[in-house]
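Read the structure below first, then the notes.
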C-alpha cells in the first residue's frame, strides 16, 4: 500500500498544473475516497458522448466491448479508479485540470475500439494516445529557435545558454499522470514525451490559470483531429533539465550527463 503524503502538490514545481484542482485533496490527512474525488466534479465534466464523468471502483476483466476501460468512460462517464493509489489519484486530477484533452483522447480511443470491434491489436494511434496520457508534456513556445533546439536535442544550448529565453518564451506543462507519480520521487532519467505547440508571445503574460485553459484547448484540438497520431509526433523531454524543476540544474555541468541528456540524432517531431 502506498503511503499518503499530505500537501504532496508542494513537493515540486512540476505539480503546478494540479494545484488549483487538487488543493482540497492535498490538505487531507488520509487517502481520499471516491466520494472525495467526485466532490470535486463541479462543474460537471462531460465526455465527447455527453456523459458526465464520475469516479467509480475498478471492475474485473471486461466481458464485452462496452465494458472496456475507455468504453465505459465514453459511454457512461465511469472512470474506474483505485483508492489509495497514486497513479489513479493523478489520473483523476488530470481529468479535473485538462478535461477537454482527456475527453478528446478518450473519444479517439473509443473510435479505435469501435473500428476494431473490440478485438485485435491496438493500432498506432492508440499506442500514441496511451503514451501521451501516461507520459505526455505539452511544450508551449513562441520562439521557433527554441523549439528547434529541443527537437535537435541541443540540451546545453536550450536549457543553459538560452535559459532566460526558455523562461520567457517557453512553458512546460506535464499532462501524463504517470509522470506526476514519478515526480513524487524524481530521479535522473525521468523523461516526458513532448507535444510542441506554438503560441503567441501574449500567452506568457496570461495568468497560470488562463495558460492552462489555453493549453487544454490546444491539446484537445490536436487530439480531436482526423489524422493518424503516432509516437513520432512526440519529442523526448528530460524533465529535470527544465529550469527551476531540479536543484542541480543551476550548474552547467549538470547538462553534461549524456546518458540523461541524449545527444542529437533523434527522430523528427511534428509541431503545431
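Every Cα-Cα pair in region 77-188 was counted, and those over 22 Å apart are 49% of them.
Ranked by how many other Cβ atoms sit within 10 Å of their own Cβ, fewest first, the residues 233, 143 fall in the order 143, 233.
Normalised Debye scattering of region 96-153 at q = 0.26, 0.29 Å⁻¹ gives log10 I(q)/I(0) of -1.03, -1.14, counting only Cα atoms as equal scatterers and leaving out solvent. Ordered by the number of other Cβ atoms lying within 10 Å of each residue's own Cβ, fewest first, 16, 70, 3 fall into the sequence 3, 16, 70. Would you please give the FRET efficiency between residue 259 and residue 83, computed as 1/(1 + (r/R0)^6) with r the Cβ-Cβ distance and R0 = 35 Å, to the nearest 0.05? The value I calculate is 0.40. Between residue 75 and residue 33, the modelled labels are 2.9 nm apart [label points 7 Å from Cα along Cα→Cβ].
Which value, in Å to one decimal place, does the Kirkwood hydrodynamic radius take for region 175-230 when every pair of different Cα atoms is included?
Roughly 13.6 Å, rounded to one decimal.
A simple spin-label model places the labels of residue 52 and residue 66 2.2 nm from each other, with each point 7 Å out along Cα-to-Cβ. Using the Stokes-Einstein relation with a Kirkwood hydrodynamic radius computed over Cα pairs, the translational diffusion coefficient of region 130-256 at 25 °C and a viscosity of 0.890 mPa s comes to 163 µm²/s.
Based on the Kirkwood approach, the hydrodynamic radius assigned to the chain is 19.4 Å, with every pair of different Cα atoms included.
If you take the alpha carbon atoms of region 8-124 and fit the smallest convex hull around them, that volume is 115 Å³ per residue.
Only helical DSSP H runs with n ≥ 4 go in: add -39500 (n - 2.57) per run for the chain, normalise by residue count and round the 222 nm mean residue ellipticity to 500 deg cm²/dmol. Before the final figure, lay out the partial values.
Working: 10 runs with 103 residues, N = 272.
So the helix-based figure for the chain works out to -11000 deg cm²/dmol.
The ranking of 65, 14 by Cβ neighbour count inside 10 Å, starting from the fewest, reads 65, 14. When DSSP assigns beta bridges and you keep just the ones with both residues in the chain, what percent turn out antiparallel, to the nearest 5? Counting only bridges with both partners in the chain, antiparallel ones make up about 50 percent.
Among 84-97, 185-198, 23-36, 206-219, the peptide with the highest mean count of other Cβ atoms within 10 Å heads the list, and the full ranking is 84-97, 185-198, 206-219, 23-36.
Please compute the Kirkwood hydrodynamic radius over region 1-45, one decimal place, Å, based on all pairs of different Cα atoms.
Working: mean 1/r = 0.0877 Å⁻¹.
Across region 1-45, the inverse of the average 1/r is 11.4 Å.
Just so you know, all these numbers are worked out from the coordinates, no wet-lab data involved. Small disclaimer: the values here were computed from a predicted structure and weren't measured. Here Cβ is always computed from backbone atoms with ideal geometry, including for glycine, and neighbour counts include all displayed protein chains.
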